[in-house]
Amino acid sequence: MRQRNHALEISYERPDPILVAQRYREPYSALACALFAYGRADLIVRFLDRLDFSLLDADEAVIRSAFEGYYYRFQNRKDITEFFITLRRLRLDADMEALFTEAYGRNRSVIDGLNALISAMRELNDYESRGYRFLVGSEVTKYRGGAPMKRWLMFLRWMVRSDAIDFGLWEGVDKADLLMPLDTHTFNVSRRLGLLQRKTYDLQSVVELTRTLKTFDPADPVKYDFALYRLGQEKVL
């Protein structure tokens with residue numbers, strides 16, 4: 001862990017989307033960085049470097065004219081534009097942390113908190129497309145066979161934990177309640193190490209892996225995320 005959770009682990013030579021999120025250290029740009037974090041890490045960072053996060057404070061008319069020629073994998077110009085408009089409306093309409101913690105606090109469930117954020121974003125903008133739906137995601141209705149919610153759970157890791165990598169901004173969430181941001185690298189490495197027995201890449205695997213990691217550190221099970229991810233990304237395991 002000490003060899004992985006330090007500032008030198010994040011650089012353009014060893015890219016990760018948190019490299020861009022750390023520059024701003026605020027939740028709305030961080031959420032954008034997290035939700036666009038799929039695909040090759042270097043291409044993610046290259047795309048995020050092009051985004052003008054000051055647009056989150058701009059009028060919607062300005063946002064609508066700002067992304068000519070922009071696209072990222074499943075998202076076209078319209079998808080990116082509407083996503084920024086949604087984030088701007090969320091920023092004006094409510095406090096993201098308060099929305100999350102109110103729902104989370106009822107049962108200490110981070111999934112309940114994320115469902116509240118996703119629901120709010122859906123209500124603030126009824127735009128719909130394949131690319132936009134993939135980016136924002138959907139509310140969780142089941143664990144077995146449900147989406148692992150990797151990008152959303154990674155965003156929570158950034159917001160709640162605080163160390164040389166994560167820049168915890170939210171104080172109302174116990175890091176013991178966080179769930180592992182399970183991507184395919186982490187999933188495969190965890191199975192090879194015997195940390196996860198389940199063969200299906202779903203939200204139930206997220207819960208089961210987190211439960212295993214709590215046997216090592218009940219107070220902070222997600223601290224192992226970055227190290228496990230790097231082992232898979234670098235093909236060490």
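Could you tell me how many of the residues in the stretch 169-194 are in a loop (DSSP other than H, G, I, E, B) and open to solvent by less than 30 Å² (accessible area, probe 1.4 Å)?
So in the stretch 169-194, the residues in a loop (DSSP other than H, G, I, E, B) come out as 169-174, 178-183, 193-194.
Still in the running and open to solvent by less than 30 Å² (accessible area, probe 1.4 Å): 170, 173, 178-183.
Of the residues in that region, 8 qualify.
Got a sec? Which of A120, A164 is at pLDDT below 95 and either open to solvent by 30 Å² or more (accessible area, probe 1.4 Å) or within 17 Å of the chain's Cα centre (by Cα) (or both)? Spell out how you get there, then give the answer.
Details: A120 fails: at pLDDT below 95.
It is A164.
From the list A58, A66, which one is of a type outside the set (D, E), more than 25 Å from L169 (Cα to Cα) and open to solvent by 10 Å² or more (accessible area, probe 1.4 Å)? Break it down into steps so the answer makes sense when it comes.
Numbers: A58 fails: more than 25 Å from L169 (Cα to Cα).
Of the residues listed, the single one that is of a type outside the set (D, E), more than 25 Å from L169 (Cα to Cα) and open to solvent by 10 Å² or more (accessible area, probe 1.4 Å) is A66.
Got a number for residues in the stretch 101-114 being closer than 17 Å to K142 by Cβ and either among the acidic types (D, E) or open to solvent by less than 20 Å² (accessible area, probe 1.4 Å) (or both)? Give the derivation first.
Of the residues in the stretch 101-114, the ones closer than 17 Å to K142 by Cβ are 107, 109-112, 114.
Cutting the leftovers down to either among the acidic types (D, E) or open to solvent by less than 20 Å² (accessible area, probe 1.4 Å) (or both) gives us 110-112, 114.
Number of matching residues: 4.
Which of the residues that make up the stretch 123-138 are over 26 Å from H185 (Cβ atoms) and either open to solvent by 20 Å² or more (accessible area, probe 1.4 Å) or modelled with pLDDT under 95 (or both)?
E123, L124, D126, Y127, E128, S129
Of the conditions (1) over 30 Å from T81 (Cβ atoms); (2) in contact with a strand residue (DSSP E or B) (Cβ under 8 Å, 6 or more places away or on another chain), W158 satisfies every one except a single condition; which number is it?
(1)
Of the residues R144, R91, only one is farther than 20 Å from P17 by Cα, in a helix (DSSP H, G or I) and touching a helix residue (DSSP H, G or I) at 6+ places or on another chain (Cβ under 8 Å); which? Walk me through it before giving the result.
On the way: R144 fails: in a helix (DSSP H, G or I).
Unique residue meeting the criteria: R91.
Take A147 and decide whether it is open to solvent by 10 Å² or more (accessible area, probe 1.4 Å), aliphatic (A, V, I, L, M) and under 15 Å from the mean Cα position of the chain (by Cα).
Working: open to solvent by 10 Å² or more (accessible area, probe 1.4 Å): yes; aliphatic (A, V, I, L, M): yes; under 15 Å from the mean Cα position of the chain (by Cα): yes.
For A147, the condition - open to solvent by 10 Å² or more (accessible area, probe 1.4 Å), aliphatic (A, V, I, L, M) and under 15 Å from the mean Cα position of the chain (by Cα) - is met.
So which residues in the stretch 191-237 are touching a helix residue (DSSP H, G or I) at 6+ places or on another chain (Cβ under 7 Å), among the hydroxyl-bearing types (S, T, Y) and under 11 Å from M180 (Cα atoms), if there are any at all?
S205, T210, Y224, Y229
The values are calculated or read from the model by the stated rules, or taken from the named source; none is laboratory data. On a predicted model such as this, the values are computed, not experimentally measured, just so you know. Heads up, the Cβs are rebuilt from the backbone with ideal geometry, glycines too, and the neighbour counts pull from every protein chain shown. Side chains included, ligands, DNA and RNA excluded: accessible areas come from the protein's heavy atoms. Shrake-Rupley method; radii C 1.70, N 1.55, O 1.52, S 1.80 Å.
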